[in-house]
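Attaching a single structure in structure tokens format; questions to follow.
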Amino acid sequence: MKISSKYLKTLLALACLLTAAGCQKKEEPKEVKLLSTKQTASLIRMSSSSRMAAAPWAEDIHASLAKLKLEPTKRNICTTISIVEQESNFQADPPVRGISRMLFDRIEAAKKNFVMANLLDMRLKQKAENGKTFLDNAKRLKTEKDLEEWYKEFAATKITSPILSLLKKDLDTLISTIGSMQVSVKFAERFAQKNHVAVPGELRAYLYTREGGLYFGMAHLLEYPADYSADIYRFADYNAGQYASRNAGFQRMVARLSGRKLAADGDLLRHDGSAPEQSETYLAVVDALLKNGESAVRQNITSDLDEGGGPGFGGTATYATIQTIYKAKYGNPILADLPEIDLHSDKISRPLTTKWYANRVNGRFERCMRERI
């Protein structure tokens, strides 16, 4: 009996269906393309409005990725470029508009005490190493490094230093983020200590260099596991803190399950010194668990929420239970959301939010990823 080719094709198709995916061609995993420093320099030139030399920036980006044991993929490169462009337009020590005014505002606040006012006025009239008065030098500040150097010299007296310390105007308060990626000084200190990073000279001074600003900024941006469905959440984390987007998604679920009004800011616990305290998130978690027939042990919940700053929170019983309840009642759990945070800083002159920041950087990132090199 002769069987038509059309019939054979039908039988073959049925056989494939019966054996599930047995007849499907297995796709080979796509090889991730790694960029050269030359290609990275091209992306920098395409992405940035600055006329700086792109090659040194590309070399330091690749060097930082190597130190962090990360590959120079286009995604990692564009993620970095987008933050640098947003924060400094590829300037190792970017100018800050109105930085002299910010300093004078702080000085005026300190002068509310009559004795301190006299001491500060006396010091401002004294001459600095360059022969000009501290007051004159303060009027000519352009960058955070300028301010830091002015401050160190200004405070280097037996009279001024104790006053400024008493008023909590130390450098960490005055300048908390530094360099081309505006990385947190406290983060850099923790990361250097935890990973035994040796830096040439003082850490703060190193952060003002192209190499140092990139290395610690990229560590904050890339050197932590976060399985987000979209890159925008990592950009939000860079602004709000690592895992803030995951935590904000958790808070959204808790708010709906508990019926409580809860700010999805990514901050799960308050801390008084080193000890965690009850927070609105904690109270909402308790309500959410009890309303859905689950036990709510204070110590366990507090311990779990205290993991919110790291990857461990995603593996806690509290996170898993809330996720399971939410999925059963409403469908897919909320794995991440943009944190609701209003940004406040002496350097910010208009109302901005973390959501605005993340969307702004994400736009740069998407344009960078579309560039052909």
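FYI, it's all coordinate maths here, none of it is from the lab. All values derive from a computational prediction rather than experimental measurement. Don't worry about glycine lacking a Cβ; one is built from the backbone with ideal geometry, like all the others, and counts go over all protein chains shown.
Taking 26 Å as the cut-off for C-alpha to C-alpha distance, list the pairs among LYS74/LYS145; LYS69/LYS186; LYS125/LYS145; LYS194/LYS261; LYS74/LYS327 that go past it. Can you show the working numbers first?
Values: LYS74/LYS145 32 Å; LYS69/LYS186 22 Å; LYS125/LYS145 22 Å; LYS194/LYS261 37 Å; LYS74/LYS327 35 Å.
With Cα atoms farther than 26 Å apart: LYS74/LYS145; LYS194/LYS261; LYS74/LYS327.
Run the simple label-point estimate for TYR330 and GLN299 please: 7 Å along Cα→C-beta, distance reported in nm.
Those two pseudo-labels are separated by 3.2 nm.
Also, quick follow-up: Give me the number: length gained by fully extending LEU135 to ARG260, i.e. 0.36 nm times residue separation minus the C-alpha to C-alpha distance, one decimal in nm.
On the way: separation 125, 0.36 × 125 = 45.00 nm, distance 5.20 nm.
Using 0.36 nm per residue and subtracting the Cα-Cα distance, I get 39.8 nm.
On full extension of the chain, what length is gained from ASN292 through PHE114, given 0.36 nm per residue of separation minus the C-alpha to C-alpha distance?
Values: separation 178, 0.36 × 178 = 64.08 nm, distance 5.95 nm.
Additional length available on full extension: 58.1 nm.
Let me ask you something else. So what is the diffusion coefficient of segment 232-330 in µm² per second by Stokes-Einstein at 25 °C and 0.890 mPa s, using a Kirkwood Rh over Cα pairs?
Details: Rh = 13.4 Å.
For these conditions, the coefficient is 183 µm²/s.
Moving to a separate point now. For all pairs of alpha-carbon atoms in segment 282-373, what percent lies in each bin of width 10 Å, listed from the first bin to the last filled one?
Binned Cα distances yield the sequence 13, 30, 26, 22, 8, 1.
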